[in-house]
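Visitor: First, the structure itself, so that you have it in front of you.
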Amino acid sequence: MQLIDCPWCGPREETEFHYGGQAHVTYPDDPAALSDEEWAHYVFYRDNTKGAWAERWSHSAGCRRWFNAVRDTATYRFHTVYRMDQPKPVIS
């Protein structure tokens, strides 16, 4: 079992968390002005990168807070976790 380091609760088992998709996806400035195709692109289209990738996670069985994490999609290794109000760290 892998441990995920919640920014508020510390390391916990991965079964306590839920994946929330790609992090840092900006909400449209004027969503009412989007065409159906543009809206569908915002809602459904996400990057699918191999390697380090920023994601959203929820500690659903703990503090119930959302946070971001940079995880390697090939190895499943978490490089870092950070609160939603913190900027995305640079991972080399």
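For (1) part of a loop (DSSP other than H, G, I, E, B); (2) out of contact with any Asp or Glu (no Cβ under 9 Å at 6 or more places or on another chain); (3) closer than 27 Å to Pro28 by Cα, each residue gets a yes or a no:
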| position | (1), (2), (3) |
| --- | --- |
| Thr49 | yes, yes, yes |
| Trp57 | no, yes, yes |
| Arg64 | yes, yes, yes |
| Phe67 | no, yes, yes |
| Val70 | no, no, yes |
| Tyr76 | yes, yes, no |
| Val81 | no, no, yes |
| Pro87 | yes, yes, yes |
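Visitor: Can I ask one more? Would you check if there is a residue in the range 31-42 being out of contact with any Phe, Trp or Tyr (no Cβ under 7 Å at 6 or more places or on another chain) and within 30 Å of Thr15 (Cα to Cα)?
Guide: yes
Visitor: When the residues of the range 62-75 are narrowed to those that are open to solvent by 80 Å² or more (accessible area, probe 1.4 Å) and in contact (Cβ under 8 Å) with a residue 12 or more places away in the chain, which ends up nearest to the chain's Cα centre (by Cα)? Walk me through it before giving the result.
Guide: So in the range 62-75, the residues open to solvent by 80 Å² or more (accessible area, probe 1.4 Å) come out as 64-66, 75.
Restricting the remaining residues to those that are in contact (Cβ under 8 Å) with a residue 12 or more places away in the chain gives 65-66.
Numbers: Arg65: 12, Trp66: 9 Å.
The qualifying residue nearest to the chain's Cα centre (by Cα) is Trp66.
Visitor: For the subset of the range 9-43 comprising residues that are among the aromatic types (Phe, Trp, Tyr) and open to solvent by less than 100 Å² (accessible area, probe 1.4 Å), which member is modelled with the highest pLDDT? Even if it seems obvious, please write down each step before you answer.
Guide: Narrowing the range 9-43 to residues among the aromatic types (Phe, Trp, Tyr): 17, 19, 27, 39, 42.
With the extra rule that they be open to solvent by less than 100 Å² (accessible area, probe 1.4 Å), the set shrinks to 17, 39, 42.
On the way: Phe17: 98, Trp39: 94, Tyr42: 93.
It comes out as Phe17.
Visitor: Within the range 44-61, track down each residue that is touching a helix residue (DSSP H, G or I) at 6+ places or on another chain (Cβ under 9 Å) and either surrounded by fewer than 17 Cβ atoms within 10 Å (Cβ to Cβ) or hydroxyl-bearing (Ser, Thr, Tyr) (or both).
Guide: Ser60, Ala61
The values are calculated or read from the model by the stated rules, or taken from the named source; none is laboratory data. Predicted model, so just to flag it, every value in this text is computed and none were measured. When we count neighbours, we look across all protein chains shown, and the Cβ atoms used for this are built from the backbone with ideal geometry, even at glycine. Protein only, heavy atoms only, side chains kept; ligands, DNA and RNA dropped before computing areas. Shrake-Rupley method; radii C 1.70, N 1.55, O 1.52, S 1.80 Å.
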